[in-house]
Structure formats: structure tokens, C-alpha cells
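Please read the structure below before turning to the comments.
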Amino acid sequence: MNKTPAQPVALLGWMDSLSDPTRLRLLRLLERHELGVVELCDILQLPQSTVSRHLKILLDQGWAKARRQGTTHLYRCILDELETPTRKLWLIAREQTENWSAIQHDRLRLERRLEQRQNDSQAFFASAAGQWDKLRSELYGEAFTYLGLLELLPRDYTIADLGCGTGQITQLLAGRVKQVIAVDNSPAMLKAAKKRIGDRDDVSLRRGELEALPIDDAACDAAILTLVLSYLPDAPAALKELARILKPTGRAVIIDLQSHDRDDFRREMGQTVNGFAPEHLQEMLKSAGFASVQVTPLPPAPNVKGPGLFLAAASKH
């Protein structure tokens with residue numbers, strides 16, 4: 001006995017899938033938006049058992065896809081993901097149902113449902129605005145913010161991490177730029193940085209003083225000094241070295257202590273100065289060869305014990 005070829009069997013299955021008005025209405029909705037069963041029941045004005053039954057047929061025949069989100073499933077139909085014969089058949093069905101009144105009513109109810117989604121979102125943020133920063137931090141932490149910002153760095157950059165310490169910033173930069181040159185004068189710190197980072201071709205750990213950097217002239221696109229300047233016996237000399245290693249378009253970022261009167265803190269931390277006043281730092285940076293200098297006090301983080309910090313950014317002349 002001859003067997004029916006597979007292609008006609010598949011064709012009959014596709015045609016059977018489109019032979020029901022409810023399934024046609026479902027596909028028209030799922031082609032436009034990803035929707036859950038509850039939303040589809042509301043739009044089609046049909047019981048959940050009926051909608052679920054028809055969705056199962058569409059899934060089995062490859063017309064729709066589903067993904068789990070929390071305790072629900074979301075369904076969608078993307079035209080470009082359909083097989084070519086199926087897509088051709090659907091284009092005919094879609095054209096023939098364009099002026100169907102049921103489709104027009106479904107569209108109106110879909111728009112209402114989507115507007116409700118937006119209103120629910122706006123209502124949430126209206127009520128959470130005062131506590132959003134705290135809530136976001138409690139739910140998601142803080143790391144994602146600066147990790148996202150790091151991805152904005154040009155991939156062809158060479159960045160100097162000056163006074164790198166244990167290599168925390170170097171580790172963040174590694175893999176996101178062409179090369180990181182990390183410099184510190186403490187063997188113990190460099191050993192810790194080596195342990196943290198491991199062997200990487202795009203990271204160069206170097207021992208040296210910031211007043212005499214072991215880096216060639218104009219070798220870096222950018223440089224960062226984090227909590228370093230207040231430890232240096234000659235900050236102006238270090239800033240001149242910073243300018244030397246930067247390319248003509250290079251940029252420097254400095255994070256350090258604002259001017260304070262806590263001598264006990266300075267002695268305990270082994271620092272040479274009680275921070276920097278914005279005017280003093282701006283003057284030093286301009287004297288070192290920088291322009292477009294901006295010094296911005298940073299808001300203190302909760303429960304910190306040290307003096308306030310500033311963020312300074314400058315471009316080489």
C-alpha cells in the first residue's frame with residue numbers, strides 16, 4: 001500500500017490549524033505582541049480552557065512559541081521564524097482576515113490591555129519613586145551600574161591604573177579595553193593584584209613610583225588614580241607624569257579625599273595630606289598640562305566612616 005507523501009500531510013496539518021476562527025484570531029494577536037493566557041482570554045472573551053486548548057494546537061503545529069516568565073507562560077508568533085511554506089500560507093490567511101470584524105474588535109481590546117500594562121507600570125513607579133534607589137539596590141545590587149558603564153569604553157584604549165593596589169579596578173577594566181597598565185610601588189599590593197588577575201596578555205603589572213612612572217610617553221588613552229593622590233609626597237610631580245604618559249587627546253580621572261581636618265584619620269591611614277580643596281586640585285591639574293578640569297564632590301555612601309570624596313576629570317591640552 002502506497003504511503004501519502006510527507007509534504008501533503010504537513011500541508012493538511014497547517015491548513016487544519018488555520019481552519020478554526022479562534023486560532024486565526026490568536027495568531028493575529030500573537031503576531032503583534034507577546035501575550036499570556038489571561039490576557040488572551042480577556043481580549044478574545046473566551047474561557048481559559050478554550051484558549052489553552054487552541055494554543056496547544058498552535059504550539060504543536062509550530063505556529064507559536066512559548067516561554068516561561070515566573071508562574072506564567074508568554075506566547076508569540078514571529079513571521080520570520082515560520083518555515084517558508086507555513087509563512088506563505090499564513091500571509092494568505094492574514095490577508096483574507098484583514099477586514100474581519102472579530103479581528104477589529106480584538107485589536108481594540110488588545111490596545112486597552114496594553115494601555116493597562118503601561119498604567120500598571122506607571123502606577124508602580126509613581127508609588128515607588130521616593131524609595132526606588134533603595135529598592136533597586138536591595139533587589140539588584142550596585143555592580144550592574146558600573147559594569148554597564150564600563151562597556152561604553154572604546155575597545156582600542158590603553159588605560160593606566162595608577163596606584164592600582166590589589167588590582168580591583170584593573171580586573172574590571174581587563175577584557176573591556178586593549179590593554180591595562182597597572183602601576184604600584186608596593187610589592188605586597190602587586191602580589192595581591194597578580195593573584196586576583198592572574199596571567200593575562202592584556203594586563204601589565206609594573207612596580208614604580210607615580211612621580212616617575214615606568215610608562216612611555218603618550219602611551220595611554222586614559223588613566224585613573226583612585227585614592228592615591230593623598231598618599232603622595234609630591235602630588236604636582238605625579239600629575240605632570242600623568243600628563244606625560246597620556247596621548248594628546250588623553251583623559252585623566254582622579255578620585256580622592258576632599259579637604260578635611262581629621263588629622264587622626266590622616267595619620268591612621270598613612271596619608272601625607274588632609275585631602276584636596278577643589279580650587280587647589282584644579283590649579284595643580286592646569287599647571288600639569290590639563291584643560292577642561294572638572295572637580296565634583298561625591299555624595300557619601302551610607303554608613304561610611306571616612307571623609308568625603310571627589311571626582312575629578314580632565315583632558316590633556
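Please state the charge dipole magnitude for region 229-317, taken about the Cα centre, from unit charges on C-beta atoms (+1 on K and R, -1 on D and E), reported in debye and rounded to the nearest 20.
So the dipole magnitude of region 229-317 works out to roughly 420 debye.
Identify all lysines with a Cα-Cα distance to K56 below 19 Å; exclude those on the same chain that are fewer than 8 residues away in sequence.
Excluding near neighbours in sequence, the set is K65.
Considering the options Y140, L227, P300, tell which one lies farthest towards the positive end of the dipole of region 140-316, charges being +1 on Lys and Arg and -1 on Asp and Glu at the Cβ, about the Cα centre.
The one lying farthest along the dipole's positive direction is Y140.
About the Cα centre of region 265-317, what is the dipole size in debye to 20, counting +1 per Lys and Arg Cβ and -1 per Asp and Glu Cβ, all else neutral?
120 debye
Taking trypsin sites (Lys or Arg not before Pro) as candidate sites, keep only those in a DSSP loop with at most 11 other Cβ atoms within 10 Å, then name the longest stretch of the chain containing none of them.
Between exposed loop sites, the widest span is 4-154.
Just need the relative contact order of the chain here, percent rounded to a whole number, with Cα pairs under 8 Å and 6+ apart.
10 percent
Nearest 20 debye, what's the magnitude of the dipole of region 9-137 about its Cα centre given +1 on Lys and Arg Cβ and -1 on Asp and Glu Cβ?
Around 240 debye, computed over region 9-137.
Please give the calculated 222 nm ellipticity per residue for the chain, where each DSSP H segment of at least 4 residues contributes -39500 (n - 2.57) and the sum is spread over every residue; nearest 500 deg cm²/dmol?
-14000 deg cm²/dmol
Bear in mind these aren't lab numbers, they're just calculated from the coordinates by the rules spelled out. Quick caveat, the model's predicted, so the values are computed rather than measured. Please note: Cβ atoms are built from the backbone with ideal geometry, for glycine as well, and neighbour counts cover all protein chains shown.
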